[in-house]
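Worksheet: one structure, shown below.
The values are calculated or read from the model by the stated rules, or taken from the named source; none is laboratory data. The structure presented is a predicted model; accordingly, all values stated were derived computationally and were not measured. Cβ placement follows ideal geometry from the backbone for every residue including glycine, while neighbour counts extend to all protein chains displayed.
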Amino acid sequence: MRFSALRILQEGLTNNRGWRPHWRDPEPKGEYDIVVIGGGGHGLSTAYYLAKEHGLTNVAVLEKGYLGGGNVGRNTTIVRANYFLPGNSEFYSHSLKLWEGLEQDLNYNVMHSQRGLINLFHSDGQRDAFARRGNAMENQGDDAELLDREGVRRHLPYLDFDNVRFPIYGGLLHRRGGTARHDAVAWGYARGASDRGVDIIQNCEVTGIDIANGKVRGVQTTRGAIRAKKVAIVVAGRSGQVAAMAGMRLPIESHVLQAFVTEGLKPVIDHVVSFGMGHFYISQSDKGGLVFGGDLDFYPSYAQRGNLPMVEHVMEAAMTLMPMIGKAKVLRSWGGIMDMTPDGSPIIDKTDTEGLFLDCGWCYGGFKAVPGSGFSFAHLIATGEHHAPAARFRLDRFRTGVGLMDEEGTGAQHNLH
Ligand SMILES: Cc1cc2nc3c(=O)[nH]c(=O)nc-3n(C[C@H](O)[C@H](O)[C@H](O)COP(=O)(O)OP(=O)(O)OC[C@H]3O[C@@H](n4cnc5c(N)ncnc54)[C@H](O)[C@@H]3O)c2cc1C
């Protein structure tokens, strides 16, 4: 089934009776060449690129819940390529290029909107740091513009520029940054993978990983044992638990990150805006809700809900930056489990077990990485070689200390530094 303007017209005229489920719902087979554990954005994109780029279709994605129930459907949808450090820069740059062709590639409307991202700064020191970041972005081939205070005012007139504690000095504008509809990204990849022969199996929890003589043999699941030549762990906040099934202890802590959405409002915020003096970022969804988030809850947890002190902290930041938001009613809040690494950068690597691969540690920034991560992870699984843009995401950097990429200079927990 392909989507097109003609198809929509046809369906509109025939009571929408021709639409079909977007992906098949197969029973799990007893054996696959590759089993991908986790049907989030990263697992689904990995399966898609295994099939599309490498012709590997005897692949199953095993998801313990439903597609989109994890972080891929819980994030604040920000997509950007504004990283500073080598290792991250080239990876996110590659990922953004994949985003830019994604809707055509998947024939699926993921509502990717390059509405521009503005990171605000509030001191001379911060201006210097953002100027350096902007230069790094340009050196990487991405876009960046340093705005002074009046430049920001032209874009975001509703901000409180003269806040006594945190006056706005300017901002770094990344025009190609923006948002996408998060669950549509999962559905689009699922459909693309399923069409190419990948089995997407929901309600199938992996409960064990079978290993013999240092080699992976398959997985145990709530729907029976499945043999596999290769197994890929891509389970975000559950990475520590699933890797433990293979006897591994990962350098990962799981923490809750919360997000919020208001009632639908007329268009008021047409960029993505981030506050420089607190972890607060906001955009407006196409339905009109103001979507915003803050910082981690800062204690390890597997609960997909947050705590009230962080709610208060986020609301304070929102009111500091844009007092107009006080008139909006918050409709919902929710939490997702972040897989935090000690340096805040991800892992895409082989493990010491032959045939067992690992993709995790995306912290609170893995939505924008979905295309790039799937592409690079599929390359590693298929060829055994690291894909150049993700070549620095090695697991052993946490053992040796060589090659750490502490993008923000704060490690995984900002509050402890
Ligand atoms: C509130 C919030 C805001 C965020 N904002 C942004 C943002 O603006 N921009 C950005 O780039 N990133 C953001 N992120 C981060 C981003 O969402 C994550 O880094 C990314 O989605 C993680 O990868 P994933 O999509 O594969 O994870 P998930 O969707 O969580 O996928 C992992 C899947 O593995 C499954 N699983 C776990 N254990 C098992 C098992 N034993 N067997 C089978 N399946 C299993 C889970 O059910 C889950 O579906 C945010 C996250 C949150 C929670």
Sole residue being in contact with a strand residue (DSSP E or B) (Cβ under 8 Å, 6 or more places away or on another chain) and over 16 Å from residue 237 (Cβ atoms), chosen from 254, 274:
274
Restricting to region 195-223, and then to whatever is among the hydroxyl-bearing types (Ser, Thr, Tyr) and touching a residue at least 40 places away in the same chain (Cβ under 8 Å), can you tell me which residue is surrounded by the fewest Cβ atoms within 10 Å (Cβ to Cβ)?
222
Residue 247 passes all but one of the listed conditions (1) in contact with a helix residue (DSSP H, G or I) (Cβ under 6 Å, 6 or more places away or on another chain); (2) under 26 Å from residue 63 (Cα atoms); the exception is number (1)
If you take the residues of region 360-383 that are modelled with pLDDT of 95 or more, out of contact with any Leu (no Cβ under 9 Å at 6 or more places or on another chain) and under 20 Å from residue 298 (Cα atoms), which of them is surrounded by the fewest Cβ atoms within 10 Å (Cβ to Cβ)?
366
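Could you tell me whether residue 229 is basic (Lys, Arg), more than 15 Å from the ligand (Cβ to nearest atom) and under 28 Å from residue 115 (Cβ atoms)?
Details: basic (Lys, Arg): yes; more than 15 Å from the ligand (Cβ to nearest atom): yes; under 28 Å from residue 115 (Cβ atoms): no.
Spelling it out, it is not the case that residue 229 is basic (Lys, Arg), more than 15 Å from the ligand (Cβ to nearest atom) and under 28 Å from residue 115 (Cβ atoms).
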Could you list, in sequence order, the residues of region 320-336 that are surrounded by 20 or more Cβ atoms within 10 Å (Cβ to Cβ) and not aliphatic (A, V, I, L, M)?
335, 336
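Can you tell me which residues in region 348-381 are part of a helix (DSSP H, G or I), more than 14 Å from the chain's Cα centre (by Cα) and not hydroxyl-bearing (Ser, Thr, Tyr)?
From region 348-381, those part of a helix (DSSP H, G or I) are 370-381; that's our starting set.
Remaining after also requiring more than 14 Å from the chain's Cα centre (by Cα): 376-381.
Selection gives 377, 378, 379, 380, 381.
Report, by residue number, each residue of region 358-393 that is more than 10 Å from the ligand (Cβ to nearest atom) and touching a strand residue (DSSP E or B) at 6+ places or on another chain (Cβ under 7 Å). Show your work before the answer.
So the first thing to find is which residues in region 358-393 are more than 10 Å from the ligand (Cβ to nearest atom), and the list is 358, 371-372, 375-393.
If the condition is that a residue be more than 10 Å from the ligand (Cβ to nearest atom) and touching a strand residue (DSSP E or B) at 6+ places or on another chain (Cβ under 7 Å), then 358, 376, 377, 380, 381, 390, 393 are the ones that fit.
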Hey, could you check region 163-180 for residues that are over 13 Å from residue 152 (Cα atoms) and within 16 Å of the ligand (Cβ to nearest atom) and say which is surrounded by the fewest Cβ atoms within 10 Å (Cβ to Cβ)?
176
Need the failing condition index for residue 155 against (1) buried (at least 21 other Cβ atoms within 10 Å of the Cβ); (2) under 20 Å from residue 320 (Cα atoms), just the number.
(1)
Just the residues that are more than 30 Å from residue 40 (Cα to Cα) and aromatic (Phe, Trp, Tyr), please, taken from region 153-212.
158, 161, 166, 169
Answer yes or no: is there a residue in region 118-129 that is closer than 21 Å to residue 406 by Cα and basic (Lys, Arg).
yes
Check off (1) touching a strand residue (DSSP E or B) at 6+ places or on another chain (Cβ under 8 Å); (2) of a type in the set (D, E, K, R); (3) more than 16 Å from the ligand (Cβ to nearest atom); (4) farther than 24 Å from residue 267 by Cβ for residue 142 and give me the number that stays unchecked.
(3)
